[in-house]
Amino acid sequence: MSNAPRARSFLSPFLFRALRGGRRARAILAALVLSALSVVTGLWIAQGDHAFEREVRVGLDLEPRRWEREQAEVIRLQFSDEAYEHALRIRDRAMAAVDAGRIPDDSEVRTFLKSAFDEASLLSMAARVAVPADLDPARREHLDGLRREATRLMARLQPIYMDLDLGFGDLHRDPYFGGVPWTDEREVRRLERIVELGGLPEIVRYRSPMGPAETAGLIGLAAGFLLFVGGMVVVPFAAGSLLAHEVHAGTMAPLLGTGLSTVQVLVGSFVGAAARIGIVLAPLGAIFLATAAFAGGLGPALGALATLCIVTVALSAVAMVGGHALGRRLMPLATSGLLLAVLVPSALVAWFVGLFAAMGLPESGPVIGLWPQVAVAHALRTAALPLGLGVPAQAVVGFEDVQTVPGDALPHLAGWLELFVCLAAVACVGFLSFRALVRRVGTTTGPSLRRSEAAVAYAVLTSCALLALGWIPEITSPGWITSHHDARHLVPIAAFLVTVPAMAMLAAARVDGRAVRLGVVRTVGPEIAAAVVAGLAAVLLSSPGALEDLPAAHAVSSYGRAAWVALSVCLGVLVLAVRPPRFAGATLLGLAFLAVLVIGIEALAIAEDAPRATSSVFFPAAEASPMLAAAEIAVLVVFPLACVLRLRPAKTRLDVAA
Amino acid sequence: MRIELEDVCKTYDGCRWVVRDLRFAVDPGRIVGLIGPNGAGKSTTLRMLATQLAPSRGTIRYDGVPPSERTLGEIRRRIGFLGDGHALYPDMTPREYLEFFGRCFGLDGDACRRAVEETLETFALSGKADTPTAALSKGMRQRLSLARCFLHAPEVLVVDEPADGLDPRGRIDLRRILRAAADGGASVVVSSHILRELDGLCDEVVILRDGRAEVIDVARSSSVHAASASRYRLRTTTVEPERVAAVAQAHDALVSEVIEAAPGLRVRLLWRRREADLADLVADLVAAGVPVCGLEREASELEELYDVVADDRVR
């Protein structure tokens with residue numbers, strides 16, 4: 001049988017199970033509802049004229065902030081018809097006051113005039129600063145005329161501003177500007193507009209400035225968000241909890257007894273879990289592709305969907321490993337709750353980080369390496385709303401530094417490079433998770449991962465950690481290296497410590513179910529030690545200045561602590577995996593993990609403290625209290641020893657090979 | 001399909017054998033009963049027979065061939081295995097459940113639906129075919145689990161405690177279905193804690209003790225019977241136990257216990273002769289003026305066999 005019919009054959013029962021009864025119809029109905037919802041939401045956010053919709057668009061960098069636009073266009077925005085009518089009346093009263101040359105006893109008019117102080121400041125400055133002589137004569141003549149107009153208007157406004165609390169003197173303080181930039185085209189246009197309006201800003205009823213491309217992009221982003229939730233939360237949750245149910249109900253054995261291979265059963269389970277959600281998400285994918293193609297291009301949209309699919313599959317493999325492991329010990333409901341508790345917050349935070357990363361802030365990019373959901377959010381956002389789309393603010397004089405820079409090539413390129421690295425890493429981790437799951441489901445003996453597979457997984461994760469931490473400009477920039485902080489010493493240890501949980505999980509995956517009582521420490525211990533040495537060597541080799549200026553005592557203390565943390569966490573996780581303690585033991589283990597965390601932080605603090613060397617190198621806690629130092633020594637010795645004793649081999653061994 | 005176990009051993013932790021040196025065969029058309037005390041390794045043996053577990057040592061051959069990575073799927077498709085628990089999906093109906101497993105076994109559309117309907121009929125599940133499994137009684141769930149094992153007409157049936165939760169009608173039906181499967185050429189391995197359920201059903205019995213197996217051909221186990229005594233309970237309205245004892249002694253039987261149970265006696269007899277000879281005993285008792293209200297065997301044939309062979313030490 002060729003591959004396609006074989007796949008159809010083994011997938012058929014799982015698709016039947018997922019879509020039996022009215023499930024397919026319900027999925028189609030949900031798809032229609034969600035598609036309509038994404039279109040309505042996109043249209044609402046794109047064309048809504050109220051403050052909330054505008055804030056969302058401002059947050060997505062599709063239009064300038066209110067004050068930026070009001071300053072640039074010399075207007076005052078009103079968000080309802082009533083407010084607009086009212087503001088027009090106030091402006092008319094203010095204009096009448098200016099014409100009369102006296103300020104009325106009308107608080108609303110006074111407030112309006114105060115709010116026009118910025119415009120008056122520019123007029124005042126134009127009156128005081130001469131037009132440069134080296135300009136083109138025609139241009140100079142035009143600007144001189146503008147200056148005369150500004151001077152005349154300022155003279156007219158002067159009594160009003162003298163009467164206001166601000167006082168005329170405040171106009172000369174020039175709070176925002178150092179001088180009239182006659183050579184700045186935007187400022188000149190602004191001045192022309194102020195003169196044209198008689199020194200008082202125009203009242204404008206706010207209307208969404210989004211054009212068809214932005215509207216399409218926002219519809220695509222709404223569909224993208226639903227796709228993101230489906231791929232990052234719903235599919236992994238469904239796959240993980242389905243496996244937890246299968247394991248808990250004991251249905252996995254009958255399934256394997258049907259002649260389907262373990263791989264077929266697991267792939268079928270995933271496809272079955274994903275099929276119904278796939279029906280719901282398919283129209284959303286079409287909407288995303290169509291709108292993103294209109295707003296930006298089809299290529300990025302296809303790339304974003306490919307990213308979504310890769311990360312969804314990998315995340316589902318990890319969730320299935322979790323579901324299988326937890327399903328053997330917990331009720332399915334508890335397992336589902338734990339899966340949701342992990343998936344939902346990480347996905348929602350990742351969505352916002354992904355949006356942030358897509359706004360041309362390069363420092364957010366490397367986060368992607370360790371957090372694949374961010375990569376998906378980043379890709380979806382970039383595809384739906386390409387950088388440069390929208391109506392970004394014309395830089396307000398003096399505020400250029402807070403403007404985002406759409407289309408900046410370097411962060412854009414760095415972002416895509418990060419995306420590629422992330423995808424490679426997540427695909428590798430997903431594949432190895434699936435391999436581990438196949439071995440764990442197919443047999444109860446033997447390690448879940450081979451030594452080479454565990455080594456590859458650890459190398460990938462260490463590379464991601466180094467990439468992520470090493471590229472954060474705030475840490476690595478020379479300005480951060482002061483007499484109090486030295487990132488060169490801190491980053492390598494932090495990168496190593498970030499990999500420790502992964503190292504512990506991999507150590508647990510290396511335990512041979514059959515050899516549990518034959519001495520876990522003897523079989524897996526050397527591999528953990530090798531991983532610690534390799535991890536430390538990797539971070540030191542990739543950080544050339546790691547040991548530079550670091551006193552030997554600090555190096556021994558901080559790196560020794562980091563190594564101890566890695567060994568202890570691995571031993572603790574092995575205890576949990578092989579011989580899980582009961583309530584009291586589990587409580588003690590939890591406290592011990594907290595102590596290990598503190599010692600890890602100490603390792604960082606000792607390295608960071610090196611330039612000052614203000615505290616004790618080996619036992620900083622002793623400065624606070626000798627009792628704390630004694631407790632630390634106890635933890636350093638007792639915790640690993642207790643773990644080793646817990647994992648000690650059985651006395652009798654059978655000769656299985658005989 | 002003939003299954004042969006050759007010196008099969010299994011350990012989960014490398015420190016203790018769960019079963020060891022199992023050596024027996026299951027021929028097509030035969031029903032083998034697997035009995036033993038709790039912890040004797042019955043479920044482990046059944047799971048190994050169903051290829052769900054690999055032996056730590058030794059070989060299991062299916063038609064003379066040990067399973068390999070390539071042949072495992074094909075062998076499993078020829079086995080119907082009922083393990084511990086019900087292994088059901090609460091939100092599926094019996095019809096959906098059987099169709100799902102039918103497709104897993106590789107049955108295509110019409111053949112699958114036909115097999116499902118026949119199996120539902122066989123196991124008296126047609127009336128509940130569209131009721132969610134969660135709403136079924138324990139007995140109905142057990143019927144459904146059994147139905148799944150028979151759905152693809154397997155050549156080997158390995159069933160662990162198949163009568164668990166079944167009502168009397170279900171138990172009778174089960175015996176009939178198992179015998180029909182064996183008569184159809186299937187090799188059947190069945191385990192049960194309730195030995196009476198296996199009485200008259202098994203052609204061979206494998207008694208597991210201390211992880212080792214002792215195989216007894218039930219039809220040829222007269223020597224075992226001869227070496228032991230069967231226990232019978234006699235109910236009579238007489239109040240003279242001496243008269244009963246005298247007649248029993250004449251037939252080489254022993255009165256082991258007499259309990260007064262108005263309006264007569266309940267007498268426990270140890271009977272060493274053939275079961276057929278009991279008719280003579282009853283005739284002599286009546287002739288001696290002992291009205292016989294009832295005579296029944298206290299333990300089943302397999303229970304007595306088990307009593308002789310196994311020591312019931314839980315390991």
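Would you point out the residue of the range B:31-47, among those that are under 17 Å from B:P154 (Cα atoms) and crowded, with 22+ Cβ neighbours inside 10 Å, that is nearest to the other protein chains (Cβ to nearest Cβ)?
The initial filter retains those residues of the range B:31-47 that are under 17 Å from B:P154 (Cα atoms), namely B:31-32, B:46-47.
Adding the requirement that they be crowded, with 22+ Cβ neighbours inside 10 Å leaves B:31-32, B:46.
Details: B:I31: 20, B:V32: 19, B:L46: 11 Å.
Once the filter is applied, the top-ranked residue is B:L46.
Go through the residues of the range A:67-88 one by one and say whether even a single one is within 27 Å of A:P159 (Cα to Cα), acidic (D, E) and not in a helix (DSSP H, G or I).
Looking through the range A:67-88, none of the residues is within 27 Å of A:P159 (Cα to Cα), acidic (D, E) and not in a helix (DSSP H, G or I).
What are the pairs with Cβ atoms under 9 angstrom where one residue, in the range A:247-262, is more than 7 Å from chain B (Cβ to nearest Cβ) and in contact (Cβ under 8 Å) with a residue 12 or more places away in the chain and the other, located anywhere, is surrounded by fewer than 20 Cβ atoms within 10 Å (Cβ to Cβ) and part of a loop (DSSP other than H, G, I, E, B)? Sequence gap at least six, or different chains.
A:V247/A:R328; A:H248/A:R328; A:H248/A:L330; A:H248/A:M331; A:T262/A:T443
Among the listed residues A:E187, A:E246, identify the single one that is out of contact with any helix residue (DSSP H, G or I) (no Cβ under 7 Å at 6 or more places or on another chain) and either closer than 30 Å to B:L88 by Cβ or open to solvent by 10 Å² or more (accessible area, probe 1.4 Å) (or both). Break it down stepwise before answering.
Numbers: A:E246 fails: out of contact with any helix residue (DSSP H, G or I) (no Cβ under 7 Å at 6 or more places or on another chain).
Testing whether each residue is out of contact with any helix residue (DSSP H, G or I) (no Cβ under 7 Å at 6 or more places or on another chain) and either closer than 30 Å to B:L88 by Cβ or open to solvent by 10 Å² or more (accessible area, probe 1.4 Å) (or both) leaves just A:E187.
Those residues that are open to solvent by 30 Å² or more (accessible area, probe 1.4 Å) and either within 14 Å of another protein chain (Cβ to nearest Cβ) or among the aliphatic types (A, V, I, L, M) (or both), I need them from the range A:263-278; list them, please. Explain how you work it out, then say what you get.
Restricting attention to the range A:263-278, the residues satisfying the condition of being open to solvent by 30 Å² or more (accessible area, probe 1.4 Å) are A:263-264, A:267, A:270-271, A:276, A:278.
Passing the criteria: A:V263, A:Q264, A:V267, A:V271, A:R276.
Take A:V596 and tell me if it is open to solvent by less than 10 Å² (accessible area, probe 1.4 Å), in a helix (DSSP H, G or I), touching a Pro at 6+ places or on another chain (Cβ under 9 Å) and among the aliphatic types (A, V, I, L, M).
Numbers: open to solvent by less than 10 Å² (accessible area, probe 1.4 Å): yes; in a helix (DSSP H, G or I): yes; touching a Pro at 6+ places or on another chain (Cβ under 9 Å): no; among the aliphatic types (A, V, I, L, M): yes.
Judged against the criteria, A:V596 is not a match.
Within the range A:167-183, work out how many residues are within 21 Å of A:T111 (Cβ to Cβ), buried (at least 16 other Cβ atoms within 10 Å of the Cβ) and either of a type outside the set (F, W, Y) or modelled with pLDDT of 60 or more (or both).
Here is the first cut: in the range A:167-183, the ones within 21 Å of A:T111 (Cβ to Cβ) are A:167-171, A:173, A:175-176.
Narrowing the set further to residues that are buried (at least 16 other Cβ atoms within 10 Å of the Cβ) leaves A:168, A:170-171.
With either of a type outside the set (F, W, Y) or modelled with pLDDT of 60 or more (or both) added as a condition, the list becomes A:170-171.
The number of residues fulfilling the criteria is 2.
Does at least one position in the range A:36-54 carry a residue that is at pLDDT below 90 and hydrophobic (A, V, I, L, M, F, W, C)?
yes
Among the residues of the range B:86-96, count how many are under 16 Å from B:R114 (Cα atoms), more than 8 Å from chain A (Cβ to nearest Cβ) and surrounded by fewer than 24 Cβ atoms within 10 Å (Cβ to Cβ).
At the first step, the residues of the range B:86-96 found to be under 16 Å from B:R114 (Cα atoms) are B:94-96.
Then keep just the ones that are more than 8 Å from chain A (Cβ to nearest Cβ); that gives B:94-95.
Still in the running and surrounded by fewer than 24 Cβ atoms within 10 Å (Cβ to Cβ): B:95.
Going through the range B:86-96 one residue at a time, the tally reaches 1.
Taking the range A:95-129 only, how many residues are within 50 Å of the chain's Cα centre (by Cα) and outside any helix (DSSP H, G or I)? Can you show your working first?
Within the range A:95-129, the subset within 50 Å of the chain's Cα centre (by Cα) is A:95, A:106-129.
Filter again for outside any helix (DSSP H, G or I), leaving A:106, A:116, A:129.
Residues in the range A:95-129 being within 50 Å of the chain's Cα centre (by Cα) and outside any helix (DSSP H, G or I): 3 in total.
Which of the residues spanning the range B:138-182 are open to solvent by 60 Å² or more (accessible area, probe 1.4 Å) and closer than 21 Å to B:G73 by Cα?
Passing the criteria: B:A153, B:E155.
Among the residues of the range B:74-85, which ones are facing chain A (nearest Cβ under 7 Å) and assigned to a helix (DSSP H, G or I)?
If the condition is that a residue be facing chain A (nearest Cβ under 7 Å) and assigned to a helix (DSSP H, G or I), then B:E74, B:R76, B:R77 are the ones that fit.
Would you confirm whether any residue within the range B:45-63 is over 19 Å from A:S9 (Cβ atoms), of a type in the set (D, E), within 25 Å of the chain's Cα centre (by Cα) and part of a helix (DSSP H, G or I)?
Keep residues of the range B:45-63 that are over 19 Å from A:S9 (Cβ atoms), which gives B:45-63.
With of a type in the set (D, E) added as a condition, the list becomes B:63.
Retained after the next criterion (residues that are within 25 Å of the chain's Cα centre (by Cα)): B:63.
Now narrow it down to the ones that are part of a helix (DSSP H, G or I): none.
No, that holds for no residue.
Residues checked against (1) over 28 Å from A:G446 (Cα atoms); (2) of a type outside the set (S, T, Y); (3) assigned to a helix (DSSP H, G or I):
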residue	(1), (2), (3)
A:A553	yes, yes, yes
A:S558	yes, no, yes
A:A562	yes, yes, yes
A:A577	no, yes, yes
A:A592	yes, yes, yes
A:G600	yes, yes, yes
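Within the range B:52-73, count every residue that is open to solvent by less than 60 Å² (accessible area, probe 1.4 Å), out of contact with any Pro (no Cβ under 7 Å at 6 or more places or on another chain) and more than 7 Å from chain A (Cβ to nearest Cβ).
Selection size over the range B:52-73: 10.
Can you tell which of B:D130, B:D167 is more than 26 Å from B:T45 (Cα to Cα), away from chain A (no Cβ under 14 Å), out of contact with any Leu (no Cβ under 9 Å at 6 or more places or on another chain) and not small (G, A, S)?
On the way: B:D130 fails: away from chain A (no Cβ under 14 Å).
After applying the criteria, what remains is B:D167.
Hey, could you check the range A:24-75 for residues that are over 18 Å from A:V204 (Cβ atoms) and over 29 Å from the mean Cα position of the chain (by Cα) and say which is most open to solvent (accessible area, probe 1.4 Å)?
A:R26
So B:P28 fits all but one of (1) at pLDDT 90 or above; (2) surrounded by fewer than 16 Cβ atoms within 10 Å (Cβ to Cβ); what number is the exception?
(2)
With in contact (Cβ under 8 Å) with a residue 12 or more places away in the chain, more than 8 Å from chain A (Cβ to nearest Cβ) and either out of contact with any Cys (no Cβ under 8 Å at 6 or more places or on another chain) or crowded, with 21+ Cβ neighbours inside 10 Å (or both) as the only criterion, which of B:A135, B:A124 stands out? Outline the logic, then answer.
On the way: B:A135 fails: in contact (Cβ under 8 Å) with a residue 12 or more places away in the chain.
Result of the check over B:A135, B:A124: B:A124.
Of the residues B:L157, B:L174, B:L120, which is at pLDDT 90 or above and assigned to a helix (DSSP H, G or I)?
On the way: B:L157 fails: assigned to a helix (DSSP H, G or I); B:L174 fails: at pLDDT 90 or above.
Answer to the selection: B:L120.
The values are calculated or read from the model by the stated rules, or taken from the named source; none is laboratory data. Please read all numbers here as calculations on a predicted model, not as lab measurements. FYI the Cβ positions are ideal-geometry reconstructions off the backbone, even for glycines, and counts take in every protein chain you see. Surface areas here come from the heavy atoms of the whole protein model, side chains and all, with no ligands, DNA or RNA. Shrake-Rupley method; radii C 1.70, N 1.55, O 1.52, S 1.80 Å.
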